[in-house]
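The values are calculated or read from the model by the stated rules, or taken from the named source; none is laboratory data. Predicted model, so just to flag it, every value in this text is computed and none were measured. Neighbour counts are summed over all protein chains in view; Cβ atoms, including those assigned to glycine, are modelled from backbone coordinates with ideal geometry.
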Amino acid sequence: MPECRICQSEESNQHVRAPHVFGGEGTHQFWECDDCSAIYLDPIPSMEDEKRFYAQEFEKFMSTRVGDHRDWSSAEIHKVTNQDQVKRRMPFLQDYLHKGTDLLEIGCSSGFMLDAFKAFGVNCVGVEPSGEFSEFLEQSGHSAVGDLSEITNQKFDVITHFFVFEHIRDPYQFLKDQYALLKDGGVIICEIPCANDPLTSMFDIEAFEKFYWSIAHHYYYTPQSLSHVLDELGYTYKLAPEQRYDLSNHMTWMLDGKSGGQGRFTESLGNEVLETYRNRLIDSWQCDTIFLCFSKDVTGVPLLGQDQPCLLVHPLPLS
Ligand SMILES: [Zn+2]
């Protein structure tokens, strides 16, 4: 039994949240801390294993996980099949994108977000450890490095990352490193899976439990555990709830025990039912995604746009 990887609370305050880890070995489990709500992988993979995984195996690993339209088989196809993500994320980002804005995206994969940022006249730099994606980024005319530590004498107005934070071994150091790369008044915006996802926290679906908890993730965050990390660092931040997967996807998990099915029942159920379901998950924070935004200007730069709905400033109302 481990002690908490976030708050170091003792072993007796930890319980198993997920006994099965996709891509893991029998010994791997996700544990949850009763004190800070952190959900974390144990035992911790070695640095060597992790480095090899991202340099050589990550795309292949991801392609075994996709059950919907997203495609990791090649960088070009990856880019095309992620255009819906661009559309979904833009409302959270567009207020910060101007001609001449210096932007850094950590974990930019095939560069599909960088393409969209460039259309605003933004100067983009990407960080991408994967060999295949790095070559593709270069061919696409993007400026990219393999590791955050390679960026030494440049600062940014906007730093973004999407579904990267949960992969990070030391969340405190990761956030401090990027905070140091922000210009005054700069902003960090990131998208993180939310472990309040109803597929695991409300419904008990065996197939989903075997799929969701991934060896590629060190942590699964909730608004509570994320707040714990950010409060410790003393940052000013906002969290916004977001729901990526629709009712059809949830029904497909229940009916067929597999991923996919996004949009499958839209025509039969109608948009109103789907929207009501989505909004309910968002309003109650029983959602699958968190947008985190924090700024270097503690005097109060507007975060995540004034018009973003369902925005919560810390401290969060805890359910
Ligand atoms: Zn803890």
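Tell me which residues, restricted to the stretch 34-56, are in contact with a Phe, Trp or Tyr (Cβ under 7 Å, 6 or more places away or on another chain) and either more than 15 Å from Met1 (Cα to Cα) or not β-branched (Val, Ile, Thr) (or both). Walk me through it before giving the result.
Step one: filter the stretch 34-56 for residues in contact with a Phe, Trp or Tyr (Cβ under 7 Å, 6 or more places away or on another chain), giving 38-42.
Listed by number, the residues that qualify are Ala38, Tyr40, Leu41, Asp42.
Taking (1) more than 16 Å from the ligand (Cβ to nearest atom); (2) surrounded by fewer than 19 Cβ atoms within 10 Å (Cβ to Cβ); (3) modelled with pLDDT of 95 or more; (4) not acidic (Asp, Glu) in turn, Val16 satisfies each apart from (1). Selection within the stretch 223-245: residues that are under 30 Å from Gln83 (Cβ atoms) and hydroxyl-bearing (Ser, Thr, Tyr). The member of this set that is nearest to the ligand (Cβ to nearest atom) is Tyr237.
Only one entry of Phe208, Phe136, Phe203 meets the criterion of being more than 24 Å from Pro2 (Cβ to Cβ) and surrounded by fewer than 19 Cβ atoms within 10 Å (Cβ to Cβ), and that entry is Phe203. Exactly one residue out of Glu25, Glu59, Glu48, Glu76 is over 21 Å from the mean Cα position of the chain (by Cα), away from the ligand (no atom under 16 Å from the Cβ) and touching a residue at least 40 places away in the same chain (Cβ under 8 Å), and it is Glu76.
Taking the stretch 100-141 as the search range and keeping residues that are part of a strand (DSSP E or B) and in contact (Cβ under 8 Å) with a residue 60 or more places away in the chain, which one is farthest from Arg52 (Cα to Cα)? Among those that are part of a strand (DSSP E or B) and in contact (Cβ under 8 Å) with a residue 60 or more places away in the chain, it is Asp102.
Mind checking whether some residue in the stretch 82-90 is hydrophobic (A, V, I, L, M, F, W, C), within 18 Å of the chain's Cα centre (by Cα) and at pLDDT below 85? No: zero hits.
Could you tell me whether Phe92 is buried (at least 18 other Cβ atoms within 10 Å of the Cβ) and touching a Phe, Trp or Tyr at 6+ places or on another chain (Cβ under 9 Å)? Don't jump to the end; show me each part of the working.
Values: buried (at least 18 other Cβ atoms within 10 Å of the Cβ): yes; touching a Phe, Trp or Tyr at 6+ places or on another chain (Cβ under 9 Å): yes.
Yes: the conditions hold for Phe92.
If you go through the stretch 1-53 and keep only what is of a type in the set (Ser, Thr, Tyr), in a loop (DSSP other than H, G, I, E, B) and at negative phi, you end up with Ser9, Thr27, Ser46. Could you tell me whether the stretch 218-229 includes any residue that is over 30 Å from Glu267 (Cβ atoms), assigned to a loop (DSSP other than H, G, I, E, B) and either hydrophobic (A, V, I, L, M, F, W, C) or within 15 Å of the chain's Cα centre (by Cα) (or both)? Looking through the stretch 218-229, at least one residue is over 30 Å from Glu267 (Cβ atoms), assigned to a loop (DSSP other than H, G, I, E, B) and either hydrophobic (A, V, I, L, M, F, W, C) or within 15 Å of the chain's Cα centre (by Cα) (or both).
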